[in-house]
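The values are calculated or read from the model by the stated rules, or taken from the named source; none is laboratory data. Note that this is a predicted model, so its numbers are computed, not measured. Please note: Cβ atoms are built from the backbone with ideal geometry, for glycine as well, and neighbour counts cover all protein chains shown. Surface accessibility is based on the protein's heavy atoms, side chains included, excluding ligands, DNA and RNA. Shrake-Rupley method; radii C 1.70, N 1.55, O 1.52, S 1.80 Å.
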Protein chains: 2
Amino acid sequence: MLTIGDLSRKTGVKIPTIRYYEQMGLLDAAERSEGNQRRYAAPERERLSFIKHARELGLTIEAIRELIDLSAHPERPCEEADRIAAEQLTAVREKIEKLRRLEKELKRIATRCAGDQIKDCYVIRALAHHEMCESDH
Amino acid sequence: MLTIGDLSRKTGVKIPTIRYYEQMGLLDAAERSEGNQRRYAAPERERLSFIKHARELGLTIEAIRELIDLSAHPERPCEEADRIAAEQLTAVREKIEKLRRLEKELKRIATRCAGDQIKDCYVIRALAHHEMCESDH
DNA sequence: TGGCCAATCTCTAGTCACTATAGAAAATGA
DNA sequence: TCATTTTCTATAGTGACTAGAGATTGGCCA
């Protein structure tokens, strides 16, 4: 059995975060030692790795909860799980698109400073005047 | 003079957000009407547009505060402003890179479901097993 | 077996950038 | 004048943690 510290080291998830996931219902309430400390075995470790991976992919706690509920019902169709992954993919693509536009704008702003005093600073002027932007955001 | 509602409509910044910016010191404490309501003129509107634009570009409140402080000293060199913009650009580029890797992973996960039941679901299996991933995240 | 220190426990509060709500007061239009 | 809308302040909630206080437990060494 692993202590919470062992589990943390093995998964790379911080201790308070593990307790937080338990509180949020992503992890079942852990078994306890005689002295009331949490003890974990392999299945909990796998569950935590699942959660970590999903979080790294940007899924919300809520989405992860849905997936965990789904995986508790292996006979159900997996359309729901597909939908969650597809939604996440769409969200990620939208974020990338938005950030690309920002990158363009910032590149212009950050590399084109003509004066050397604040009063002539392109950065300040560009931020003050949206109409200097080339794309919309 | 504009009421807070007028200012909100003209800039697209929500009323509570305007009050929040005032509280955070990004906007000076507004003038007040006899009945204690906030009244705004052109300079405040410009300042708010500046803040909005900077926020859309992903700058933190703290970074915006720095820029505002800088713009209050027009004789200073604009290196600081350049640095803030450049840092932001780097941060945006890093975010894009990270999201690209996630997109790749999610694309694989979301489009490759073989079975039609949860027990065979690729989404669930992929999330459980990081070693199925092609890039690191 | 005692002592010690690291690890763990619970609980609360803080983070960021807002957003929402409640209850009261002011402004506006009919 | 009255009703409706807008604004006011103050407080609490959001998501996903992170940090801290103060108490208890675990494991090791002598």
A:L89 vs. criteria facing chain B (nearest Cβ under 7 Å) and in contact with an Asp or Glu (Cβ under 8 Å, 6 or more places away or on another chain): yes
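Out of A:E56, A:E44, which single residue is closer than 15 Å to A:T11 by Cβ, within 10 Å of DNA strand D (Cβ to nearest atom), in contact with a Leu (Cβ under 8 Å, 6 or more places away or on another chain) and assigned by TED's automatic domain parsing to the domain that holds A:D6? Full working, then the answer.
Working: A:E44 fails: within 10 Å of DNA strand D (Cβ to nearest atom).
Going through A:E56, A:E44 in turn, just one is closer than 15 Å to A:T11 by Cβ, within 10 Å of DNA strand D (Cβ to nearest atom), in contact with a Leu (Cβ under 8 Å, 6 or more places away or on another chain) and assigned by TED's automatic domain parsing to the domain that holds A:D6: A:E56.
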All positions within the stretch B:37-57 that are open to solvent by less than 60 Å² (accessible area, probe 1.4 Å) and within 8 Å of chain A (Cβ to nearest Cβ): B:S49, B:F50, B:H53, B:A54, B:E56, B:L57
The listed residue being more than 19 Å from B:I84 (Cα to Cα) and within 9 Å of DNA strand C (Cβ to nearest atom), out of B:P43, B:P16: B:P16
Filter result for B:S8 (closer than 24 Å to A:R108 by Cα and either of a type outside the set (A, V, I, L, M, F, W, C) or out of contact with any Ser or Thr (no Cβ under 8 Å at 6 or more places or on another chain) (or both)): no
Conditions (1) open to solvent by less than 50 Å² (accessible area, probe 1.4 Å); (2) within 19 Å of A:A63 (Cα to Cα); (3) away from chain B (no Cβ under 14 Å); (4) within 11 Å of DNA strand D (Cβ to nearest atom): number failed by A:Q23: (1)
Sole exception among (1) buried (at least 18 other Cβ atoms within 10 Å of the Cβ); (2) of a type outside the set (D, E, K, R); (3) under 15 Å from the mean Cα position of the chain (by Cα) for A:I68, by number: (3)
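Matching residues to (1) closer than 26 Å to A:K107 by Cβ; (2) in contact (Cβ under 8 Å) with a residue 60 or more places away in the chain; (3) within 16 Å of DNA strand D (Cβ to nearest atom); (4) of a type in the set (K, R):
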| site | (1), (2), (3), (4) |
| --- | --- |
| B:V13 | yes, no, yes, no |
| B:P16 | no, no, yes, no |
| B:K52 | yes, no, no, yes |
| B:E75 | no, no, no, no |
| B:A81 | yes, no, no, no |
Filter result for the condition that a residue is part of a helix (DSSP H, G or I) and open to solvent by 40 Å² or more (accessible area, probe 1.4 Å), over B:E94, B:E105, B:E34: B:E94
Pairs where the first residue, in the stretch A:58-71, is more than 9 Å from chain B (Cβ to nearest Cβ) and the second is open to solvent by less than 30 Å² (accessible area, probe 1.4 Å) and within 16 Å of DNA strand C (Cβ to nearest atom), C-beta under 7 Å, 6+ apart: A:I61/A:L26; A:R65/A:L26; A:I68/A:L26
